[in-house]
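Engineer: Can you keep this structure in mind? I'll have questions shortly.
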Amino acid sequence: MEQRIKYQAYAPELMKQVYALNKAVDECGLEKSLLHLVKLRASQINGCSFCVNMHSHEALQDGDSQQRVIMVSAWKESPVFSERERAAFAYTDAVTLISKDGVPDALYEATRQHFSEEELTKLTVAIGMINIWNRICVSFHVIHPVDRAKAA
């Protein structure tokens, strides 16, 4: 597989705004570790290898454990996440798959037990932001770096 186009070259002003929103999300005040894991979870759902690779590495570089990063894909069955993280994952699943069931009232209320209205707004924008990147990367076949020494 190879990348279809160099999308940054075809809409540079628009991409500049995407990067600006991405930076704002990263600096919004939510825990960096939570943002990494939420981005990883949405990227798993969307099948975005570039973003799964990037957010896994970023989480590890910022001190999260290998076990927690690996277990994001099976978060419902793993005890390694806090209740706040579990609420964020459930909310991420619903928002990422919004056409399926929307965001049910019960899920919204459960999420509100762990996030203030301000935090929930920031979390929702963060989920929307990673979904934008997933759609860009999957649509244009953006390829993640390959560790050639281990790939052989």
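Throughout, read-outs are computed from the coordinates displayed, never taken from laboratory work. On a predicted model such as this, the values are computed, not experimentally measured, just so you know. Cβ atoms come from the backbone with ideal geometry, glycine included; neighbour counts cover every protein chain shown.
Engineer: Going by average Cβ neighbours within 10 Å, how do the peptides 31-44, 12-25 rank, with the highest at the top?
Structural biologist: 31-44, 12-25
Engineer: Here's something else I'd like to know. With no other cysteine's Cβ closer than 4.7 Å, which Cys residues of the chain count as lacking a disulfide-compatible partner?
Structural biologist: C28, C137
Engineer: List the lysines whose alpha-carbon lies under 17 Å from that of K76, not counting same-chain residues fewer than 8 positions away?
Structural biologist: Counting by Cα, and skipping residues close in sequence, K76 has these lysines nearby: K39.
Engineer: Checking understanding here: applying a Kyte-Doolittle mean of at least -1.0 and a length along the axis of at least 30 Å (C-alpha), which whole DSSP H helices in the chain pass?
Structural biologist: Qualifying helices: 117-139.
Engineer: Sum -39500 (n - 2.57) across every DSSP H segment of at least 4 residues in the chain, then divide by the residue count to get the 222 nm mean residue ellipticity, nearest 500.
Structural biologist: Value at 222 nm, helices only, nearest 500: -21000 deg cm²/dmol.
Engineer: Starting from the Cα of Y19, step 7 Å along the direction of its Cβ; do the same at H144; then give the gap between the two resulting points in nm.
Structural biologist: Here the modelled spin labels are 2.3 nm apart.
Engineer: Explain nothing, just the number: dipole magnitude of the chain about its Cα centre with +1 on each Lys and Arg Cβ and -1 on each Asp and Glu Cβ, in debye rounded to the nearest 20.
Structural biologist: Dipole magnitude for the chain comes out near 580 debye.
Engineer: Rounded to a whole number of µm²/s, how large is the Stokes-Einstein D of the stretch 1-109 at 25 °C and 0.890 mPa s, given Rh as the Kirkwood radius over C-alpha pairs?
Structural biologist: This corresponds to a translational diffusion coefficient of 159 µm²/s.
Engineer: Taking only Cα atoms of the stretch 95-138, what ratio of Rg to Rh do you get with Rh as the Kirkwood inverse-distance radius?
Structural biologist: Using Cα coordinates only, the ratio equals 1.03.
Engineer: Taking 7 Å along the Cα-to-C-beta vector as the label spot, tell me the K6-D101 distance in nanometres, rounded to one decimal.
Structural biologist: 4.5
Engineer: From Cα pairs below 8 angstrom and at least 6 apart in sequence, can you work out the relative contact order of the stretch 1-90, rounded to a whole percent?
Structural biologist: Reported as a whole number, the value is 22 percent.
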